[in-house]
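First up is the structure itself, then whatever we jot down about it.
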Amino acid sequence: LRLQLQVLFGIQWSWKKWHGFCGAFVLLGFPISMYGIVMHLTHYCQPNIQCYVVRILFMVPVYSIESWLCLRFHASAIYIETLRDCYEAYVLHSFFQFLIQVLGGEDSLILMMKDKSPTRGCHCWPLNYCLKPWQMGQPLIRHGTRVHWTSPFFLQCKLGVIQYVALKNICAMLTMILELN
């Protein structure tokens, strides 16, 4: 980054100036994001949705401080990046849960998906040649007149997010361990 800025703008700064330059953006972004977080916490009227929003908003301070710390303490960057990667995976799962809550919860989302057209689960070219269309909703159990619905598409999305979270954490830890040696 430093070399690119030097080439583009002809800036010849020392590392100390770059730390100050980057620190200025951290000091700018941190209070703005903390203000949004505090406003959500003071007006906490929808806790099942706002808890996820606060987790997502914490990405700005985590990323900005992490980036500055990695620049400042380059020798310890691998440890800091590992923590960031773990939090990133956690936030991705929180975002998925946020979407589920905004759409009314798992049950209402599955009921909403069962009414979707079967063509909604069709894949675009060239994926349609190697992937079967996903079913949006299908009955799972019938209890007399009551039907319990499920959605293979929703379950595959949920499984995909959980797999990503697990693999991201495992890969982050493995990267840290392998970088130590």
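The values are calculated or read from the model by the stated rules, or taken from the named source; none is laboratory data. These figures come from a predicted structure and were not determined experimentally. As a convention, Cβ positions derive from the backbone with ideal geometry for all residues, glycine included, and neighbour counts pool all protein chains shown. Quick note on the areas: whole protein, heavy atoms, side chains included, nothing else; ligands and nucleic acids left out. Shrake-Rupley method; radii C 1.70, N 1.55, O 1.52, S 1.80 Å.
Of Y52, Y63, Y35, which residue is open to solvent by 50 Å² or more (accessible area, probe 1.4 Å), within 30 Å of M173 (Cα to Cα) and in a helix (DSSP H, G or I)? Let's see the steps before the verdict.
Working: Y52 fails: open to solvent by 50 Å² or more (accessible area, probe 1.4 Å); Y35 fails: within 30 Å of M173 (Cα to Cα).
Exactly one residue qualifies, and that residue is Y63.
Within the range 69-85, can you find the residues that are surrounded by fewer than 16 Cβ atoms within 10 Å (Cβ to Cβ) and under 30 Å from P47 (Cα atoms)? Residue satisfying the conditions is L83 alone.
Do we have F96 as at pLDDT below 85, open to solvent by less than 70 Å² (accessible area, probe 1.4 Å) and over 30 Å from L27 (Cβ atoms) here? For F96, the condition - at pLDDT below 85, open to solvent by less than 70 Å² (accessible area, probe 1.4 Å) and over 30 Å from L27 (Cβ atoms) - is not met. Can we say E106 is touching a residue at least 40 places away in the same chain (Cβ under 8 Å) and surrounded by fewer than 18 Cβ atoms within 10 Å (Cβ to Cβ)? Considered against the rule, which asks whether it is touching a residue at least 40 places away in the same chain (Cβ under 8 Å) and surrounded by fewer than 18 Cβ atoms within 10 Å (Cβ to Cβ), E106 comes out as yes. The set of residues from the range 117-131 being touching a helix residue (DSSP H, G or I) at 6+ places or on another chain (Cβ under 9 Å) and either modelled with pLDDT of 95 or more or open to solvent by 80 Å² or more (accessible area, probe 1.4 Å) (or both) comprises just one member, R120. With the condition kept exactly as written, say whether any residue in the range 70-92 is within 29 Å of A24 (Cα to Cα), of a type in the set (V, I, T) and within 11 Å of the chain's Cα centre (by Cα). The answer is yes; a qualifying residue exists.
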